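**Q** Take a look at the following structure, please.
The values are calculated or read from the model by the stated rules, or taken from the named source; none is laboratory data. Fair warning: this is a prediction, and the values are worked out from it, not measured in the lab. Reconstructed Cβ throughout: ideal geometry from the backbone, glycine too, with neighbour counts over all protein chains shown.
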């Protein structure tokens, strides 16, 4: 099952989705392994410009340059864009099922209630 993360920042409802093949493409574009990308938490403009055309499969990188510029000029933050992309990577299960399910619970709490319950119990 492909796990998709909602992404509605550029005025249209979209879903971010990575597969193993797409993660490989992202590694080529960034020049970093996926573990290095996740651990470094360096998710800036280059990361977003590399990832969006891969996980959305819609537009050219130039399209996303314009959308990111517009979003930032309207008061948005780069983290608003980068965080769902990182979540889409984690949702693939590449770091493990627990992490994947935890990310999915953020976006789909009705489908992943056990993850939320377990997290709440640990925090008590």
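**Q** Return the residues of segment 44-66 that are over 17 Å from residue 17 (Cα atoms) and either under 15 Å from the mean Cα position of the chain (by Cα) or crowded, with 17+ Cβ neighbours inside 10 Å (or both); say none if nothing qualifies.
**A** Answer for segment 44-66, where residues must be over 17 Å from residue 17 (Cα atoms) and either under 15 Å from the mean Cα position of the chain (by Cα) or crowded, with 17+ Cβ neighbours inside 10 Å (or both): 44, 45, 46.
**Q** I'd like to verify a number: residues in segment 15-40 that are under 14 Å from the mean Cα position of the chain (by Cα), more than 18 Å from residue 100 (Cα to Cα) and not in a helix (DSSP H, G or I), how many?
**A** Residues flagged as under 14 Å from the mean Cα position of the chain (by Cα), more than 18 Å from residue 100 (Cα to Cα) and not in a helix (DSSP H, G or I) within segment 15-40 amount to 0.
**Q** Since residue 2 meets every condition but one in (1) part of a loop (DSSP other than H, G, I, E, B); (2) within 15 Å of the chain's Cα centre (by Cα); (3) free of Cβ contacts under 8 Å to residues at least 40 places away in the same chain; (4) surrounded by 12 or more Cβ atoms within 10 Å (Cβ to Cβ), which condition does it not meet?
**A** Only one criterion is unmet by residue 2, namely (4).
**Q** Would you confirm, using the coordinates I've provided, whether residue 54 is in contact (Cβ under 8 Å) with a residue 40 or more places away in the chain and assigned to a helix (DSSP H, G or I)? Working first, answer last.
**A** Values: in contact (Cβ under 8 Å) with a residue 40 or more places away in the chain: no; assigned to a helix (DSSP H, G or I): yes.
The answer is no for residue 54.
**Q** Could you grab me the full set of residues in segment 67-78 that are more than 13 Å from the chain's Cα centre (by Cα), surrounded by 15 or more Cβ atoms within 10 Å (Cβ to Cβ) and either in contact (Cβ under 8 Å) with a residue 24 or more places away in the chain or closer than 24 Å to residue 99 by Cα (or both)?
**A** 67, 71
**Q** Which residues, counting only those in segment 5-43, are surrounded by 16 or more Cβ atoms within 10 Å (Cβ to Cβ), under 14 Å from residue 80 (Cα atoms) and without any contact (Cβ under 8 Å) to a residue 40 or more places away in the chain?
**A** Result: no residue meets the conditions.
**Q** Turning to a different aspect of this structure: Can you tell which of 91, 77 is modelled with pLDDT of 85 or more and within 16 Å of residue 6 (Cβ to Cβ)?
**A** Being modelled with pLDDT of 85 or more and within 16 Å of residue 6 (Cβ to Cβ) holds for just one of 91, 77, which is 91.
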